[in-house]
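> This is the structure I have questions about; it appears just below.
All of the numbers you see were taken from the coordinates with simple rules; none came from a lab. Just so you know, these numbers come straight off a predicted model, no measurement behind them. Please note: Cβ atoms are built from the backbone with ideal geometry, for glycine as well, and neighbour counts cover all protein chains shown.
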Amino acid sequence: MSSHLPAQVRGPVSTPGTGLTHFNSLPPDVARTALTHCCGSRRWAQRMAAHRPYPDTASLLAAADEAAYDMSQGDLTEALARESSAELGHGAPYAALLALDAARAEYERTFGHAFVICLDGHPPEERVDQLLAAIRRRLAHEVDEERSIAADELRMVARSRLTRLLARLADAHRDGPDDGLSEADFGLFAPVG
């Protein structure tokens, strides 16, 4: 396991006014808090915050992947403990909600952590089917195999949340120069599944 993220190219950090510029300039404690909402491992968030500035979004996402691959079992346990299972949007059929609740409860009982899945790329109308099929499929896994899959899904979820964080920071910068983000702002990065 490496303890360092890939070296970052120094030079132009990012286009002024972007979310990445804003992220790179956040105070360390604010950056760590924001990052902990992207992935619940404090070590992952610390590494990501300490490695700033990132020259571009691709470098940030590559570093996030590397930090996720380097998480210890304890880091992964901490991150999974801070997750909550994927939720369905309002308007999902009642029968689907009941089936999902039962499957999710069985998953959590079996594996001891929330069901984590990245649903990027799936339109909202397909998410019910995707969630139910994935939970049912993954319930058949052995504990070690499922932990590995959950770690990979967590990595993808963290990437998605980082992308949303940058968009939120870009919007906040356009709305005014105030660098302060509240805990409610981080609610945008609540577990997505």
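> Residues in the stretch 138-166 near a label at T33, defined as backbone nitrogen under 17 Å from the 7 Å Cα→Cβ point?
165-166
> While we're on this one: Ranked highest first by the average count of other Cβ atoms within 10 Å around their residues, in what order do 33-42, 120-129, 103-112, 146-155 fall?
Most protected by this proxy first, the peptides run 33-42, 146-155, 103-112, 120-129.
> Evaluate E = 1/(1 + (r/R0)^6) for S148 and D65, where r is the Cβ-Cβ distance and R0 equals 25 Å; express this FRET efficiency to the nearest 0.05.
0.95
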